[in-house]
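K.L.:
Here it is: the structure, laid out below.
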Amino acid sequence: AAKEAFLYKPQDSYRVGGSQNKADKQAGTNLPGGVITHFYLPEYDEKKDTVSLYYLSKNGDTIQTYSTFASEDRNKLKIKKGGNTFVWNMMYPPAKRFDGMILWWGTLSGPVASTGDYQVVLQCQGKSLRQPFRILKNPASEGNEADIQKQFDFVASVHKKLDEAHQAIID
């Protein structure tokens, strides 16, 4: 019945990975790992309407952007008229890649967001809708919030240095 786009408040999400077993049709389906974002679009024209989701850090900085017209497939939103669901995997962008790169036993993946308060922004149809959400500590984790933040800071610093090195090679 809504005549305007609507962004639902995401539920608090635990900082755990996860996947769904979609092959077994007789078993239940677990929720996907990540921040589940639901939104509603009463109208949508795939040829001209740009829809974007922005995930913002505690400080309001943009962590990840997903859009219907993103240049990279990993950042492309697949949208339809009506109800939509998108799952953010809580990861920062990957490090830069370059032609001919060989990276054995390593990954370019960005760090997983730390625990705390975040925001998601939906931009569409000339509107900007915003909702807060929290990322919670994995209940099975032995670390405390300070440990998780130290881990994030360390991984983010290594990731930044790797990104700088790759940019230097590209240059």
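The values are calculated or read from the model by the stated rules, or taken from the named source; none is laboratory data. Please read these numbers as outputs of a predicted model, since none were measured by experiment. Cβ coordinates were reconstructed from backbone atoms using ideal geometry, including for glycine residues, and neighbour counts include every protein chain displayed. All accessible areas refer to the heavy atoms of the entire protein, side chains included, with ligands and DNA or RNA removed. Shrake-Rupley method; radii C 1.70, N 1.55, O 1.52, S 1.80 Å.
K.L.:
Can Val87 be described as touching a strand residue (DSSP E or B) at 6+ places or on another chain (Cβ under 8 Å), open to solvent by 40 Å² or more (accessible area, probe 1.4 Å) and not polar (S, T, N, Q)?
P.N.:
Against the criterion (touching a strand residue (DSSP E or B) at 6+ places or on another chain (Cβ under 8 Å), open to solvent by 40 Å² or more (accessible area, probe 1.4 Å) and not polar (S, T, N, Q)), Val87 qualifies.
For (1) open to solvent by 40 Å² or more (accessible area, probe 1.4 Å); (2) out of contact with any His (no Cβ under 7 Å at 6 or more places or on another chain); (3) assigned to a loop (DSSP other than H, G, I, E, B), each residue gets a yes or a no:
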{"residue": "Thr37", "(1), (2), (3)": "no, yes, no"}
{"residue": "Tyr40", "(1), (2), (3)": "yes, yes, no"}
{"residue": "Tyr44", "(1), (2), (3)": "yes, yes, yes"}
{"residue": "Lys47", "(1), (2), (3)": "yes, yes, yes"}
{"residue": "Thr50", "(1), (2), (3)": "yes, yes, yes"}
{"residue": "Thr65", "(1), (2), (3)": "yes, yes, no"}
{"residue": "Phe69", "(1), (2), (3)": "yes, yes, yes"}
{"residue": "Arg74", "(1), (2), (3)": "yes, yes, no"}
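K.L.:
Gln125 is checked against (1) open to solvent by 50 Å² or more (accessible area, probe 1.4 Å); (2) without any contact (Cβ under 8 Å) to a residue 60 or more places away in the chain; (3) not small (Gly, Ala, Ser) and fails just one. What number does that condition carry?
P.N.:
With (1) open to solvent by 50 Å² or more (accessible area, probe 1.4 Å); (2) without any contact (Cβ under 8 Å) to a residue 60 or more places away in the chain; (3) not small (Gly, Ala, Ser) applied to Gln125, the lone miss is (2).
K.L.:
For the stretch 131-171, which positions are open to solvent by less than 50 Å² (accessible area, probe 1.4 Å) and hydroxyl-bearing (Ser, Thr, Tyr)?
P.N.:
Ser141 - this is the single residue of the stretch 131-171 that is open to solvent by less than 50 Å² (accessible area, probe 1.4 Å) and hydroxyl-bearing (Ser, Thr, Tyr).
K.L.:
Kindly provide the set of residues from the stretch 95-114 that are of a type in the set (A, V, I, L, M), open to solvent by less than 40 Å² (accessible area, probe 1.4 Å) and in contact with a strand residue (DSSP E or B) (Cβ under 7 Å, 6 or more places away or on another chain), ordered by number. Full working, then the answer.
P.N.:
The first filter runs over the stretch 95-114 and keeps only residues of a type in the set (A, V, I, L, M), leaving 95, 101-103, 108, 112-113.
Still in the running and open to solvent by less than 40 Å² (accessible area, probe 1.4 Å): 95, 101, 108, 113.
Within the stretch 95-114, just Ala113 meets the criteria.
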